[in-house]
Amino acid sequence: MKTLTVGSVLKPQGIRGELKVKPFTDSAETFRAFQSVLIGGETYKVLSVRTGDGMVYLALRGVPDRNAAELLRGKAVEIPREEAPELPAGSYYIADLLGAEIVTAEGETLGTLKDVTKAGTDIYTMESCGREILFPAAAGVVLSVDLAARRITVDKKRYYEVAVL
């Protein structure tokens, strides 16, 4: 079963087994649509979802107290790929972008996308010749994304203006 990582368990919240989760989604509210989540290879039914300060607080069946919640600290929160919400045009799941080749509009290969850091404008981390280069995925820098070809096309001039080499 293919899964998407949608967050990471930061710590237990309170004494009743609730988990504080850092979401990897555009909005913490997305978690309200999930009926169940996978953590550490186990499936848990979602009993309740609260959000606040950009964090998600999950109560799960099978996690009755703080001790049980503590065992999940630091683990990824995943959902089955087929249960992932449809994204609007121009939005992509990070998992689908990772490993994509980054090229200029002229066809020059710059490197491979290794990581995406969520921010006001996402920050892409590219690996090129054994080193990491960061650049914003801003309009004018990223020209197009072709998931089928696993290719992200950037404007060469704008890329070199904003990249942190």
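The values are calculated or read from the model by the stated rules, or taken from the named source; none is laboratory data. Since we're looking at a predicted model, the values are computed, not measured. Cβ: placed from backbone, ideal geometry, glycine included. Neighbour counts: every protein chain shown.
Within segment 135-165, restricting attention to residues that are within 15 Å of Gly99 (Cα to Cα) and not hydroxyl-bearing (Ser, Thr, Tyr), which residue is surrounded by the most Cβ atoms within 10 Å (Cβ to Cβ)?
It comes out as Ile152.
Taking strands (runs of 3 or more DSSP E) as the structural unit, no element lying wholly within segment 45-136 holds at least 2 residues that are among the aromatic types (Phe, Trp, Tyr) and under 14 Å from the mean Cα position of the chain (by Cα). Criterion applied to Glu101, Glu70, Glu78, Glu18 was being acidic (Asp, Glu) and surrounded by fewer than 16 Cβ atoms within 10 Å (Cβ to Cβ), and the one residue passing it is Glu70. State whether one or more residues within segment 22-45 are in contact with a Phe, Trp or Tyr (Cβ under 7 Å, 6 or more places away or on another chain), more than 24 Å from Tyr92 (Cα to Cα) and surrounded by fewer than 18 Cβ atoms within 10 Å (Cβ to Cβ). Looking through segment 22-45, none of the residues is in contact with a Phe, Trp or Tyr (Cβ under 7 Å, 6 or more places away or on another chain), more than 24 Å from Tyr92 (Cα to Cα) and surrounded by fewer than 18 Cβ atoms within 10 Å (Cβ to Cβ).
Figure legend. Inter-residue proximity from segment 10-32: first residues of a type in the set (Val, Ile, Thr), second residues buried (at least 18 other Cβ atoms within 10 Å of the Cβ) and modelled with pLDDT of 95 or more, beta-carbon distance below 6 Å, spacing 6+ or different chains. Indicated pairs: Val21/Val9; Val21/Val56; Val21/Leu58; Val21/Val77.
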